[in-house]
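K.L.:
Pasting in a structure now, in structure tokens, and then I'll have a few things to ask.
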Amino acid sequence: MSPDLSVILPRVLIVSRRSLRKNKFVDFVGEYHLDLVVGYGAVPVIVPRVSGLHMLLDSFEPIHGVLLCEGEDVDLSLYEAETSNLSLEELEEIRRIHASDTAIDREKDSIELRLAKLCLERNIPYLGICRGSQVLNVASGGTLYQDIEKEVSKKIHESQRVKHMDYDNYDGHRHVVKVVENTPLHDWFRDSLEEDKMEILVNSYHHQGVNRLAQRFVPMAFAPDGLIEGFYDPDACNPEEGKFIMGLQFHPERMRQDDTDKFDYPGCPRAYQEFVKAVIAYQKKLNSSTTSVPRPLKLDQAMEKKRKNIVRSFFLARNIYTTGQRMNPSKESELQAGAEFLESSTALSLQQENRLKQMGATVRNAGSYIERLRMNEEREDLAKNVMGKMSAEQLSDLLSFYHMMGQICSEVLDRKLNGIVHGIGS
């Protein structure tokens, strides 16, 4: 019997880009990315950009790392764009100059945003190059400039302006970036930096870029016009422990000297090297864990109905907790399925139950639970007033917390229902 190769080499998912060739769509990924991933010890798994695939990503488990790179502009509707005041004439000019980039690919957006959010939720190593860095920022609540030239360059002095896209000198074009001290980028390019300048030359293939950087990230490099050229999550940057969340606006894999494969700087491949190091460590951590990656459970019709009733109970209980509203007596019976599940012989552990209580999902002793809510109305009203004064970013963080707890609940339910199914089968 052949060994399970997924245990031997970690898997890095890379989403393809769609292109039209001889009147047919083809999917591709640049070989430089693939070569570096393979060279440092991982297996690239190409995720094809085909309709409906964003619903099938569970089939690509186990996922040990995600590398996103290259592609069209991220759909503006997926993030809250800052007011750009671009006129219709300016927008039309942007579409004309950058025709290949402004053709939005919503399926690719759906696939990549799902993968980026999955990495953020599970702490799966993530490296975003160019568009991949923009996807990461949007997935984390940040925004983008729709066009750097229109929104940035025209508002600053000519000496600070930067050409971020040069179609006439595509691979040869370079511009300066200033590296921020005490960041991974600083460490990788340290030997190539002059102490008084802290600058390197990078390539550039984009007309959009990070506008508002998501709160969790820290910049690693800036262009002279102020555009962020690299960022990372300092709380998720320890490759030896399987932690790596980073975005680079430039393409270090393509920073090579003319007609050779020699890099412009020794530090160019380090992002890939450290990323794969994190991927390998993450795989080892995953394999040694007693909790496997949850896989979707296929249930028969009766079990699926039971699952939906239980989830419905948790949903109702959570709404009671979060809104503080009294429940319609006619619906109190709907809490019974969840109460019975929690009181069964397959009850949750104390830790799991506490997690569910944190999100208001517990339905045990529903009557007394509702009574406690009635007694706490004043405190809940106060909480609502406090939340009303919170910023959009703070509320977004709070919503992310509830989303995380909802996922924990879903994973616990799947494991328990799996146990029920096996029990019935035996």
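The values are calculated or read from the model by the stated rules, or taken from the named source; none is laboratory data. Quantities reported herein were computed from a predicted structural model and do not represent experimental measurements. In this analysis, Cβ positions are derived from the backbone assuming ideal geometry, glycine residues included, and neighbour counts consider all displayed protein chains. Side chains are part of the model used for accessible areas, which takes the heavy atoms of the whole protein and leaves out ligands, DNA and RNA. Shrake-Rupley method; radii C 1.70, N 1.55, O 1.52, S 1.80 Å.
K.L.:
Restricting to the range 40-80, give me the number of residues that are free of Cβ contacts under 8 Å to residues at least 12 places away in the same chain and in a helix (DSSP H, G or I).
P.N.:
Qualifying residue count, the range 40-80: 3.
For (1) of a type in the set (Ser, Thr, Tyr); (2) surrounded by fewer than 15 Cβ atoms within 10 Å (Cβ to Cβ); (3) farther than 21 Å from residue 243 by Cβ, each residue gets a yes or a no:
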position	(1), (2), (3)
19	yes, yes, yes
23	no, yes, yes
26	no, yes, yes
29	no, no, yes
44	no, no, no
51	yes, yes, yes
62	no, no, no
66	no, no, no
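K.L.:
Another question about this same structure. Only one of (1) open to solvent by 50 Å² or more (accessible area, probe 1.4 Å); (2) free of Cβ contacts under 8 Å to residues at least 40 places away in the same chain is not met by residue 34, so which one is it?
P.N.:
Condition (1) is where residue 34 drops out.
K.L.:
Does at least one position in the range 143-151 carry a residue that is of a type in the set (Ser, Thr, Tyr), in contact with a Pro (Cβ under 9 Å, 6 or more places away or on another chain) and open to solvent by less than 70 Å² (accessible area, probe 1.4 Å)? Give the steps one after another, and end with the answer.
P.N.:
The first filter runs over the range 143-151 and keeps only residues of a type in the set (Ser, Thr, Tyr), leaving 143, 145.
Now drop any that are not in contact with a Pro (Cβ under 9 Å, 6 or more places away or on another chain), which leaves none.
There is no residue in the range 143-151 that is of a type in the set (Ser, Thr, Tyr), in contact with a Pro (Cβ under 9 Å, 6 or more places away or on another chain) and open to solvent by less than 70 Å² (accessible area, probe 1.4 Å).
K.L.:
Which condition does residue 234 not pass, out of (1) open to solvent by 30 Å² or more (accessible area, probe 1.4 Å); (2) in contact with a strand residue (DSSP E or B) (Cβ under 6 Å, 6 or more places away or on another chain); (3) part of a loop (DSSP other than H, G, I, E, B), if it passes all the others?
P.N.:
With (1) open to solvent by 30 Å² or more (accessible area, probe 1.4 Å); (2) in contact with a strand residue (DSSP E or B) (Cβ under 6 Å, 6 or more places away or on another chain); (3) part of a loop (DSSP other than H, G, I, E, B) applied to residue 234, the lone miss is (3).
K.L.:
I'd like the residue in the range 237-254 that is of a type in the set (Asp, Glu) and closer than 15 Å to residue 64 by Cα and, out of all such residues, is most open to solvent (accessible area, probe 1.4 Å). Walk me through how you get there before you give the answer.
P.N.:
Of the residues in the range 237-254, the ones of a type in the set (Asp, Glu) are 240-241, 253.
With the extra rule that they be closer than 15 Å to residue 64 by Cα, the set shrinks to 240-241.
Working: 240: 121, 241: 96 Å².
This residue is 240.
Residue-wise test of (1) of a type in the set (Asp, Glu); (2) in a loop (DSSP other than H, G, I, E, B); (3) open to solvent by 60 Å² or more (accessible area, probe 1.4 Å); (4) on the phi < 0 side of the Ramachandran plot.
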site	(1), (2), (3), (4)
163	no, yes, yes, yes
177	no, no, no, yes
181	yes, yes, yes, yes
187	yes, no, yes, yes
196	yes, yes, yes, yes
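K.L.:
In the range 9-26, which residues are free of Cβ contacts under 8 Å to residues at least 60 places away in the same chain and closer than 18 Å to residue 113 by Cβ?
P.N.:
Correct list: 14, 16.
K.L.:
Additional query: Considering only residues that are assigned to a strand (DSSP E or B) and open to solvent by 40 Å² or more (accessible area, probe 1.4 Å), which ones fall in the range 207-231?
P.N.:
Residues of the range 207-231 assigned to a strand (DSSP E or B): 209-210, 218-222, 228-231.
The answer is 218, 222.
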